Amino acid sequence: MTRTHKTVFILLGIVALVLGLTVNKVLNGKGQGDPTALLDAGIVLLPQSRKLPELSLTNQDGQTVAVDQLKGKWSLLFFGYTFCPDICPTTLAQLRQLKGQLPEDARGQLQMVLVSVDPHRDTPQQLKQYLGYFDAEFQGLTGPEERLQKLANGVSIPYIPADTSKENYTVDHSGNLVLIGPDGTQRGFIRAPFNNEKLAAQLPGVFKREG
């Protein structure tokens, strides 16, 4: 097993432990609605909201965005990159489909955000062009590697920075989504693989209960 594989294994173990402990607390908690239905849809709500790291990134329009400015709407954060060969385009297509399946009022409360794990290639212009293939309203964030890593670690979705010296390199990252509330705090996760029908049925209730 290579060093990179060992690191991936350790990081995935940490994520699994965090999610496992959270699932246990949710199942034994109160006021979360039907925890069984939520978990069946892949939605894991944190027992307590979590503040995001204080840092600024750049969006697809080249504008500076403070992470704690993700307010006013619910946000689904996906950590991926535009040169991803498989999971990223599949996930973005699923998010576009999910958006269309949500009731109109719930759809208006939600925004999709791709946070790049490949700042070396993901310029604001590249993000905007790529996201436009899926939905012009999807947002993208990029910035210095250390800031992206700080955000990813802060929401328990760590990734391994790529060796950019290699041609056509790929980046090891999670397929899970981060659920951010309208107050700008992390409320939970949505675990991959996704079932859009179940998510479309459960998310509107989450927005009403947790908003």
Quick one: in region 125-153, of everything that is surrounded by 15 or more Cβ atoms within 10 Å (Cβ to Cβ) and among the small types (Gly, Ala, Ser), which residue is nearest to residue 171 (Cα to Cα)?
152
Within region 177-211, restricting to residues that are hydrophobic (A, V, I, L, M, F, W, C) and part of a helix (DSSP H, G or I), the one that is surrounded by the fewest Cβ atoms within 10 Å (Cβ to Cβ) is 201
Filter region 101-124 down to the residues that are touching a Ser or Thr at 6+ places or on another chain (Cβ under 6 Å) and either among the β-branched types (Val, Ile, Thr) or not in a loop (DSSP other than H, G, I, E, B) (or both), then identify the one that is surrounded by the most Cβ atoms within 10 Å (Cβ to Cβ).
116
Take residue 149 and tell me if it is part of a helix (DSSP H, G or I) and under 26 Å from residue 85 (Cα atoms).
yes
Assigned to a loop (DSSP other than H, G, I, E, B) and crowded, with 21+ Cβ neighbours inside 10 Å: which single residue out of 165, 174, 156 fits that description?
174
Of all residues in region 53-100 being in a loop (DSSP other than H, G, I, E, B) and under 13 Å from the mean Cα position of the chain (by Cα), the one that is nearest to residue 184 (Cα to Cα):
70
Scanning for something over 30 Å from residue 34 (Cβ atoms), in contact with a Lys or Arg (Cβ under 8 Å, 6 or more places away or on another chain) and either charged (D, E, K, R) or in contact (Cβ under 8 Å) with a residue 24 or more places away in the chain (or both), does region 96-117 turn up at least one residue?
no
Filter region 66-83 down to the residues that are modelled with pLDDT of 95 or more, among the hydrophobic types (A, V, I, L, M, F, W, C) and crowded, with 19+ Cβ neighbours inside 10 Å, then identify the one that is farthest from residue 116 (Cα to Cα).
74
Residues of region 125-142 being in a helix (DSSP H, G or I) and polar (S, T, N, Q), which ones?
125, 126, 129
Could you tell me whether residue 145 is under 26 Å from residue 126 (Cα atoms), at pLDDT below 95 and among the acidic types (Asp, Glu)?
no
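The values are calculated or read from the model by the stated rules, or taken from the named source; none is laboratory data. None of these values were measured; they are calculated from a predicted model. Neighbour counts are summed over all protein chains in view; Cβ atoms, including those assigned to glycine, are modelled from backbone coordinates with ideal geometry.
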